[in-house]
1. Mind checking the dipole of the chain: about its Cα centre, +1 per Lys or Arg Cβ, -1 per Asp or Glu Cβ, Debye to the nearest 20?
2. Angle, helix 76-87 long axis vs. longest principal axis of the chain, Cα atoms, 0 to 90°, nearest 10?
3. For the stretch 6-138, how big is Rg over Rh, using alpha carbon atoms and the Kirkwood form of Rh?
4. Just to be sure I understand the model, the point goes 7 Å from the Cα along the line to the Cβ. What's the resulting V120 to V76 distance in nm?
5. For the ranges 115-126, 59-70, what's the packing order if you count other beta-carbon atoms within 10 Å of each residue, average per peptide, and put the highest first?
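Quick note: the coordinates plus some simple rules give every number you see, no bench work behind them. Because the structure is a prediction, the values reported are computed rather than measured. Note that we place each Cβ from the backbone using ideal geometry, even for glycine, and neighbour counts take in every protein chain shown.
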Amino acid sequence: MGTILGKSGYVYVGMGVTPTAGVIINTIDTWSIAGTGDAIETTAFGTTTAAIYKTFEAGLKGLTGNAAGTYDGAQVALSTFMTVMFNSATTSVNCVLHMDTAHHVSAACVITGWTINSAVADKVTFGFDFTCSGTPVLA
């Protein structure tokens, strides 16, 4: 496997809790995900030397992320996605974050925020933040 270049990435978004239709948003300039994990303390108090240090076990994991790109008013897929963000009570989506055509992260997500930025001397951009619900898949 060779180096994967970011220029090959794109985002596929399926709408709804159980997505029935999806759109490829190919104006994404950047996306990222970050994982977290809980550490559950399991220290047992005692009189031995080993008991002076805390002990932990792995707890629940979480995954959050964001994506941002160029707002292209002519792209129907992007307009559909943004209309759902603005007008729908449902902000659950199925995100497939592609690194290239063969490698991606897929997860059911809840959109937790979105932005549209319009600078006078630059392109209009958009972005959205999400939190994954359930187990993501790395392929």
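1. Dipole about the Cα centre, nearest 20: 60 debye.
2. So the inclination is approximately 60 degrees.
3. Rg divided by Rh gives 1.17.
4. Using points 7 Å along Cα→Cβ, the separation is 3.7 nm.
5. 59-70, 115-126
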